[in-house]
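First up is the structure itself, then whatever we jot down about it.
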Amino acid sequence: MAADKIVDEEETNELPTITVEGRKNLNTIVLGKEELRPLASATSDTASLLRNIPGLNIQGGGGVSSLPVIHGLASDRVRIKVDGMDLISACGNHMNPALSYIDPSNVDTAVVFAGITPVSVGGDSIGGAIIVESPAPEFASDSEKLLTTGEIGAFYRSNGNAQGGNLTATIASENLSLSYRGSTVKADNYTAGDDFKPAGYAAPGREWLDGDEVGSTMYKSTNQSISVAWRQDNHLLQLTYGEQDIPYQGWVNQRMDMTGNDSEQINLRYEGQYGWGDLEVRFYNEHTRHKMQFYDDKLFWYLEGEPCTPSPTCAAGMPMDTEGNNTGATIKAEIPLSAGELLRMGAEFQQYRMDDWWEPSGRGMWPDTFWNIHNGERDRLALYGEWEKQWNPQWQTLFGVRGEQVDMDAGDVQGYSYEKYGTDSDAFNAADHEKTDYNIDITALARFTPNKKTTLEFGYARKTRSPNLYERYTWSTGGMAMRMINWAGDGNGYVGNLDLEPEIAHTLSATFSLHDPSREKWGLSFTPYYTYVDDYIDATRLPDQETLTEEWVYLRFVNQSAQLYGLDISGYVPLAENTPYGNFTATGILGYVRGKNDDTDDNLYNMMPLNAKLSVVHTLNKWTNTIEVEMVDDKTDVSWERNEIQTDSYSLLHLRSSYKWKRVRIDFGIENVFDTFYNHPLGGVYMGQGVTMTGTNPTKPYVPWGLAAPGMGRSIYAGINFKF
């Protein structure tokens, strides 16, 4: 068995599971139930469960759909696997990212590779990697009896009136297990710590919003899955079917809202342990039907705000539809070559099909269907090999190579009318759409442990990512169409580029760690890193936009050169132990990242400024209490190309408590105790209300340029879970 693997057999009614808990290569963090559960009642956004990991920040989005950012790289640049599936966002605004398909209550483990990612973990990405797993199947320990177990929970959060619950149930014999998991949440708009705009109607015909109410932040989501598993000796076969239903999710930093996201997932996996090593085979299919439209806080009728019949003079909103079908298969083996020496080998295949179309709704969106992407195809085939060896007690190395072929294509397109969109569609349709990329990844890592209190880890990685379908195949330079291509949350509009090349990132990173011999009492880690990216996919303004300053702009995706560098510091130390009042431990993380475009000398967009979190954790019997201070510096290094908005510094105080008693767990706390007003540096612009489809137009209720999306004010929350 590999040095970075452990077999957990403490619970006799559970299948022995292999986890990566021991792996600590270059800033790799493993979060289990104990670390994840305290935050599950405070958020319905699974990405937010990872917010206390060094080097990782959160880019604001919908209530269940924010994006993790690792060392300044986000979205498709971060490899994310949910229960072994590579999920793809089927949306021009990336409103349905991978982590939105699993509820926080259903996360059993989360592994984050915030430094250099081994090739066995990450491909088609240049940032880190995140692996999220739901609980493993349970089985009865006695062949004569059935195992029946489950958990039911509920929570409430005051800000936004968020409420929801979760239920799991399992019935199992010694060899067969059947389980159900379900969760649901519903929330209204949240409020900021202070007024940030005038109170008034969100838009003609819409509801009243107070000055501190953050429009388009409501959401509702339901996730369900049923799983059947069979085991025999060292073999496990599991089939899981999952469904998601999001009838609405407002979007504070996008011009549109999600008005439907229905997904069905089938996930079949086999795991076996043989005399030569371990084998895992997986097949999955994900079908997504996604819809966007204006929801309650954004103008719907585009004719003096009055209901009317869709026609050349009146528009009934702007419906947008996306359908994605994602089929994948993986096979991987781990083969011990000798004591302390392991070979990992694997192959991956992914076939992705997507259509993105907009039905005619009137006015400029008339009379034909707009095909944004028609018959989009993106297929990946990957092979990798990875060799890990423990040379002696001091030295351990890992070396891996990964090759990928990415084939992309798309069909012909059309606009709402040939008169308005014919020039762009003709040019696109006449071009060659078929593209093939041959990508190579290389990872080399080393760990040096001179003594029991010191560890040095360092390495190099070459990582490659091919463009996504929207970056290559969106084609219209019409203002309305470009404003629909934007997962940055900056309010600007984007158009694709058929000539884009894959991004190639070269990363150097090192982690110097001091700790006690057991790593349980105290520790301090420093991680400097540097990444240079050839053909970084950035954006340049269209010719008529070059002189605009305090306005939204239109941009085209282009390849340029970029570099990112920064530092993560994290640590923990006991303040008091075995006192009558319990144990007290101080923890802290500090992060800094800087991103520059070498071709233009501009700052890269959405870089997190200097930030830190300091906490004191108190434990006494069944109680765990945490006081956390979150501090963020001014964001002044902003992207000129995008007219990015600066944000001010702020400090927040959070309080959390947990109590565990037999089968009951209670979590409660206060986020943003002092109701401080702030703008998160990665929160994007405020587009939560009004006439969001126009530019700056003072004659109508409009969204003014320069208003950042506010963070949430004080929120008191409580959650309870009962195991049965």
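Could you grab me the full set of residues in the range 650-669 that are of a type in the set (Lys, Arg) and in a strand (DSSP E or B)? Let's see the steps before the verdict.
Step one: of the range 650-669, the residues of a type in the set (Lys, Arg) are 656, 660, 662-663, 665.
Within the range 650-669, ARG656, LYS660, ARG665 meet the criteria.
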Quiz prompt | Every residue from the range 71-109 that is free of Cβ contacts under 8 Å to residues at least 60 places away in the same chain and either open to solvent by 20 Å² or more (accessible area, probe 1.4 Å) or not in a helix (DSSP H, G or I) (or both) | solution = VAL78, ARG79, ILE80, LYS81, VAL82, PRO97
Quiz item: Do you know which of the residues in the range 151-199 that are more than 28 Å from the chain's Cα centre (by Cα) and assigned to a strand (DSSP E or B) is surrounded by the most Cβ atoms within 10 Å (Cβ to Cβ)?
Solution: SER177
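With THR624, THR676 as the choices, which residue is outside any strand (DSSP E or B), in contact (Cβ under 8 Å) with a residue 24 or more places away in the chain and open to solvent by 30 Å² or more (accessible area, probe 1.4 Å)? Write out each step before concluding.
Numbers: THR624 fails: outside any strand (DSSP E or B).
None of the other options fit; the residue is THR676.
Before we move on, is PRO247 open to solvent by 10 Å² or more (accessible area, probe 1.4 Å) and closer than 19 Å to ALA98 by Cα?
Working: open to solvent by 10 Å² or more (accessible area, probe 1.4 Å): yes; closer than 19 Å to ALA98 by Cα: yes.
So PRO247 fits the description; yes.
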Quiz item: Could you list, in sequence order, the residues of the range 112-148 that are within 30 Å of ASP379 (Cβ to Cβ), open to solvent by 10 Å² or more (accessible area, probe 1.4 Å) and assigned to a strand (DSSP E or B)?
Solution: ILE131, GLU133
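What do you reckon, is ILE627 in contact with a strand residue (DSSP E or B) (Cβ under 9 Å, 6 or more places away or on another chain), closer than 21 Å to GLY55 by Cβ and β-branched (Val, Ile, Thr)?
In short, no.
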Quiz item: Looking at the range 465-487, is at least one residue more than 25 Å from VAL685 (Cβ to Cβ), among the basic types (Lys, Arg), outside any loop (DSSP other than H, G, I, E, B) and touching a Ser or Thr at 6+ places or on another chain (Cβ under 7 Å)?
Solution: yes
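Return the residues of the range 550-589 that are in a loop (DSSP other than H, G, I, E, B) and either without any contact (Cβ under 8 Å) to a residue 24 or more places away in the chain or more than 30 Å from ALA481 (Cβ to Cβ) (or both); say none if nothing qualifies.
Of the range 550-589, the ones in a loop (DSSP other than H, G, I, E, B) are 550-553, 580-581.
The answer is PRO580, TYR581.
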Self-check item: Checklist (1) basic (Lys, Arg); (2) open to solvent by less than 40 Å² (accessible area, probe 1.4 Å); (3) over 22 Å from THR527 (Cα atoms) applied to LYS613, failing item
Solution: (3)
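For the condition surrounded by 15 or more Cβ atoms within 10 Å (Cβ to Cβ), in a strand (DSSP E or B) and of a type outside the set (A, V, I, L, M, F, W, C), what is the one hit in TYR605, TYR592?
Values: TYR605 fails: in a strand (DSSP E or B).
Of TYR605, TYR592, the one residue that is surrounded by 15 or more Cβ atoms within 10 Å (Cβ to Cβ), in a strand (DSSP E or B) and of a type outside the set (A, V, I, L, M, F, W, C) is TYR592.
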Exercise. Could you check ALA203 against (1) over 30 Å from GLY272 (Cβ atoms); (2) open to solvent by less than 20 Å² (accessible area, probe 1.4 Å); (3) within 30 Å of the chain's Cα centre (by Cα); (4) small (Gly, Ala, Ser) and say which number it fails?
Key: (3)
Quiz item: Of the residues that make up the range 685-692, is at least one modelled with pLDDT under 95, assigned to a loop (DSSP other than H, G, I, E, B), of a type in the set (Ser, Thr, Tyr) and farther than 25 Å from PRO68 by Cβ?
Solution: yes
Quiz item: How many residues are over 27 Å from the mean Cα position of the chain (by Cα) and under 29 Å from GLY491 (Cα atoms) if we restrict to the range 520-551?
Solution: 11
Self-check item: For GLU546: the one exception among (1) modelled with pLDDT under 95; (2) surrounded by 17 or more Cβ atoms within 10 Å (Cβ to Cβ); (3) not hydroxyl-bearing (Ser, Thr, Tyr)
Solution: (2)
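Looking only at the range 387-403, decide whether some residue is among the acidic types (Asp, Glu), under 26 Å from GLU501 (Cβ atoms) and crowded, with 18+ Cβ neighbours inside 10 Å.
Here is the first cut: in the range 387-403, the ones among the acidic types (Asp, Glu) are 388.
Those left that are additionally under 26 Å from GLU501 (Cβ atoms): none.
Checked the range 387-403: no residue is among the acidic types (Asp, Glu), under 26 Å from GLU501 (Cβ atoms) and crowded, with 18+ Cβ neighbours inside 10 Å.
Name the one entry in LYS723, LYS660 that is touching a residue at least 12 places away in the same chain (Cβ under 8 Å), open to solvent by 60 Å² or more (accessible area, probe 1.4 Å) and in contact with a strand residue (DSSP E or B) (Cβ under 6 Å, 6 or more places away or on another chain).
Details: LYS660 fails: in contact with a strand residue (DSSP E or B) (Cβ under 6 Å, 6 or more places away or on another chain).
LYS723 is the lone residue from the list that is touching a residue at least 12 places away in the same chain (Cβ under 8 Å), open to solvent by 60 Å² or more (accessible area, probe 1.4 Å) and in contact with a strand residue (DSSP E or B) (Cβ under 6 Å, 6 or more places away or on another chain).
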Exercise. Inspect the range 592-609 for any residue being closer than 27 Å to ILE58 by Cβ and among the aromatic types (Phe, Trp, Tyr) and give the result as yes or no.
Key: yes
Quiz item: Out of the residues in the range 472-489 that are within 22 Å of ASP409 (Cα to Cα) and not aliphatic (A, V, I, L, M), which is surrounded by the fewest Cβ atoms within 10 Å (Cβ to Cβ)?
Solution: THR477
Self-check item: Any hit, the range 434-442, residues being assigned to a loop (DSSP other than H, G, I, E, B), open to solvent by 60 Å² or more (accessible area, probe 1.4 Å) and touching a helix residue (DSSP H, G or I) at 6+ places or on another chain (Cβ under 6 Å)
Solution: no
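The values are calculated or read from the model by the stated rules, or taken from the named source; none is laboratory data. For clarity, every value in this text was computed on a predicted model and none was experimentally measured. Don't worry about glycine lacking a Cβ; one is built from the backbone with ideal geometry, like all the others, and counts go over all protein chains shown. Side chains are part of the model used for accessible areas, which takes the heavy atoms of the whole protein and leaves out ligands, DNA and RNA. Shrake-Rupley method; radii C 1.70, N 1.55, O 1.52, S 1.80 Å.
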